[in-house]
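Participant: Mind having a look at this structure? Questions to follow.
The values are calculated or read from the model by the stated rules, or taken from the named source; none is laboratory data. Please read these numbers as outputs of a predicted model, since none were measured by experiment. Cβ coordinates were reconstructed from backbone atoms using ideal geometry, including for glycine residues, and neighbour counts include every protein chain displayed. Surface accessibility is based on the protein's heavy atoms, side chains included, excluding ligands, DNA and RNA. Shrake-Rupley method; radii C 1.70, N 1.55, O 1.52, S 1.80 Å.
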Amino acid sequence: MSDVLAPESLTDLKETIKQHYSKLSKRLRQVAEFVLDAPSEVAFGTVATLSKEAGVHPSTWVRFANAFGFSGFSEMQKLFQQNLIEEAPSYQDRIRLAREVFGEDFNQQSPSQLLTRFSNANAIALGHLGETTSAEDLDKAIQILSHAHAAHIVGVRRAFVVASYFAYALRNIDQKAYLVDGVGGMYKEQASALDKNDVLIAVSFHPYAAETQSVARSALEKNVPLIIITDNQISPLASIASVCFVVKEAEIDSFRSLSSSLCLAQALSIGLAYELQSKGNPPLKK
């Protein structure tokens with residue numbers, strides 16, 4: 001990676017990280033994941049504190065900066081500081097502020113207290129979703145969906161909830177939608193039904209299920225457009241997506257919500273309905 005020129009913006013750096021992620025060593029990947037997940041912490045953290053949080057040796061941060069064309073960590077850090085000045089508060093900043101305002105007593109485990117904690121966390125995550133999701137990406141996804149003969153949706157384990165809702169919502173606006181559920185272990189057989197005039201919607205969160213990746217690769221081989229909902233820019237599906245939505249979900253006591261992903265699925269489905277209606281298709285079902 002010695003030929004990599006130092007990016008001039010955080011957006012460029014993130015894109016370069018995504019392109020070179022597979023070539024990084026294990027430790028540099030840890031830094032890459034931390035950089036993409038917590039940019040505000042990188043903006044003002046010291047090498048010592050960031051190393052502890054990322055679980056790497058301090059020299060790893062310097063090697064990471066060098067690998068992406070920077071003379072050192074401080075030069076790279078300036079991109080994060082500039083971005084923080086120019087953009088709205090990050091998801092991590094909002095979580096930190098909420099903890100200061102509402103408190104975070106981990107001994108508060110009554111149903112009412114848990115509901116309050118989940119409600120506050122989800123409100124922050126949903127606000128972040130609305131502010132960070134690109135209008136261009138939404139429009140592009142809806143155009144892909146509007147031209148597709150049929151939508152195939154795949155998501156396993158936790159992501160299955162989002163995938164199954166997406167299939168339901170699309171069927172409810174009279175669109176052909178097929179849930180790739182792998183009943184009987186038949187993911188490969190179900191994926192074989194994909195046609196280049198269709199679209200595959202893949203929902204995948206860390207640790208990125210092999211079944212979902214396999215179906216996505218089958219779609220890619222047939223030149224089927226891919227709409228991806230995932231939780232990180234370095235998700236293995238992000239690089240092959242026609243459109244990729246990175247969604248940050250609320251997390252309480254290691255339990256992650258699905259509110260933001262479901263909200264996105266709903267927005268895309270109803271957005272598609274309005275798009276079809278504008279072209280003379282039957283009106284929305286109530």
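Participant: List pairs: first in the range 210-224 and more than 16 Å from G155 (Cβ to Cβ) and modelled with pLDDT under 95, second of a type in the set (A, V, I, L, M) and part of a helix (DSSP H, G or I), Cβ under 8 Å, 6+ apart or cross-chain?
Facilitator: L220/I240
Participant: Check S259, S269, S242 and return the single one that is crowded, with 21+ Cβ neighbours inside 10 Å and more than 19 Å from A209 (Cα to Cα).
Facilitator: Values: S259 fails: crowded, with 21+ Cβ neighbours inside 10 Å; S242 fails: crowded, with 21+ Cβ neighbours inside 10 Å.
Answer to the check: S269.
Participant: While we're on this one: Of all residues in the range 21-37, count the ones that are assigned to a loop (DSSP other than H, G, I, E, B) and open to solvent by less than 50 Å² (accessible area, probe 1.4 Å).
Facilitator: The total comes to 1.
Participant: Which condition from (1) more than 21 Å from T132 (Cβ to Cβ); (2) modelled with pLDDT of 90 or more is the one that G45 breaks?
Facilitator: Only one criterion is unmet by G45, namely (2).
Participant: Collect the residues in the range 108-153 that are touching a Cys at 6+ places or on another chain (Cβ under 8 Å) and either among the charged types (D, E, K, R) or at positive phi (or both), keeping them in residue-number order.
Facilitator: Correct list: D137 only.
A quick yes/no check of all residues on (1) open to solvent by 50 Å² or more (accessible area, probe 1.4 Å); (2) under 22 Å from S235 (Cβ atoms); (3) aliphatic (A, V, I, L, M):
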{"site": "Q19", "(1), (2), (3)": "yes, yes, no"}
{"site": "S51", "(1), (2), (3)": "no, no, no"}
{"site": "V56", "(1), (2), (3)": "no, yes, yes"}
{"site": "S59", "(1), (2), (3)": "yes, no, no"}
{"site": "G69", "(1), (2), (3)": "no, no, no"}
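Participant: Still on this structure, I have one more. With the checklist (1) part of a helix (DSSP H, G or I); (2) open to solvent by less than 40 Å² (accessible area, probe 1.4 Å) in hand, flag the one item A6 doesn't pass.
Facilitator: (1)
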